[in-house]
Structure formats: C-alpha cells, structure tokens
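Worksheet for the structure shown next.
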Amino acid sequence: MTIRDEVLAANEDYAASFGPKADLALLPARHFAILTCMDARLDPAKYAGLSEGDAHVIRNAGGRASDDAIRSLVISYKLLGTAQWFVIHHTNCGMEFFTDDVIRGLLANSLEQPHSAPMGSTTSVLGPGRRRRTTSTGSPSRTTPRGVVEDVARIRAHPLVPVASRSTATSTT
Ligand SMILES: [Zn+2]
C-alpha cells in the first residue's frame, strides 16, 4: 500500500465517522487561533486540547510570523471571529538550524530535493534554482528561543493587525 493509498483510506474512515460534526459552524467555536510549527512531532489538537471546529491552526516552518501567517490571522480575526491568537514554538525545532540566508541560498542553487542531506547541510546542485524574492520565507530570522517573542512583536506591529486584537498571547512548549 502506498502512502497515497494509506491517506485515502484514512480519509475515507474519517469521513464515514464524521457524523454530526458535518454541521459545525464555520466560525471557530472557541474563538482563538494558533500559529505554530509544522513539525511532524507536534499535534496542536492534542497539545492544545482541540476538537474539530474549536480553533484555527496556522502552521509553517518554525511557526513564524511570516506575511502569509499574519494574513491568515487577520482573516481569522476580521472574517471568522477569533478574539485571541497564540504563537506557539517548541524546543528542538528544525528551524533552529537554518537562517533565511541559508534557505535562500539553497533555493537559489537548486529547487531539487536533497537526497540524503542531514539537517543544516547544503545540498548538491541538482537543477536550476531561482534567485527571486519569492524564495523568501517571509520570516524575520531563524527560529530561536527568543523567536516567539520576536514573532509576537512582529504581529503586534503589523499594519494589518487591528489594535483591538493586539492582546496576543504567547506560549512555548
Ligand atoms: Zn519546529
């Protein structure tokens, strides 16, 4: 069974047992959003006690306050009624090893996936890269223990963030 088959089978089971959750409201019932890392070891539903329909969860590499993450938070607030935002980073994050400069350099050299490059190493040039601004991760810097503080400050200062929503909470797992 391929990964694709596994995912489709799991989704079929999930959809079959969805039941009354199909009637959940579009607006998050608990009126909050979480910005967190995409790390496969993290399960926001478990670490924050969420069920379907409870909250928005926005994920990216490092849980950074990129422009796109802030865009999602603003939509969450303005259109979908969240009143609190949590920025949650974690220890041993893979993004502790990368700066934006490293990522930009990797993407500029090659858009191919490294075959066996360990964390933080560079990959061989396997294909044409792209030296455009679109290779920016949009985050201020690599994830550090103080990154969560930087991200909350960036969110609070962002021109799209309404003043009323600047009571952003922070947490670190
Ligand atoms: Zn992480």
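No value in this document is a laboratory result; all are computed from the given coordinates. None of these values were measured; they are calculated from a predicted model. With ideal geometry, Cβ positions are generated from the backbone for all residues, glycine too; neighbour counts draw on all protein chains shown.
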Prolate/oblate/rounded call for segment 24-67, Cα gyration tensor, a/c under 1.5 rounded | oblate
In order over segment 72-81: 3J(HN,Hα) from phi, Karplus 6.51/-1.76/1.60, θ = phi - 60°, whole Hz, x for each Gly or Pro, gives 5, 5, 5, 4, 4, 7, 6, 9, 10, x
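How long is the gain from Asp23 to Ala45 if the chain were fully straight, where each residue apart is worth 0.36 nm and the alpha carbon distance is subtracted? Kindly include the intermediate steps, with their values, before the conclusion.
Working: separation 22, 0.36 × 22 = 7.92 nm, distance 1.94 nm.
Taking 0.36 nm per residue and subtracting the Cα distance, the gain is 6.0 nm.
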Tell me, in nm to one decimal, what length is gained between His158 and Gln84 on full extension, where the rule is 0.36 nm per residue of separation less the Cα-Cα distance?
-> 25.1 nm
Given backbone amide H placed at 1.01 Å from N, residues whose amide H is under 5 Å from that of Gly63, ignoring those fewer than 5 places away on the same chain, are Cys37, Met38
Yeah, segment 1-107 with a ≥ b ≥ c from its alpha-carbon gyration tensor (a/c under 1.5 is rounded, else prolate when a/b outruns b/c, oblate otherwise) is oblate
Label-point separation in nm, Glu12 to Glu96, each point 7 Å along Cα→Cβ = 4.2
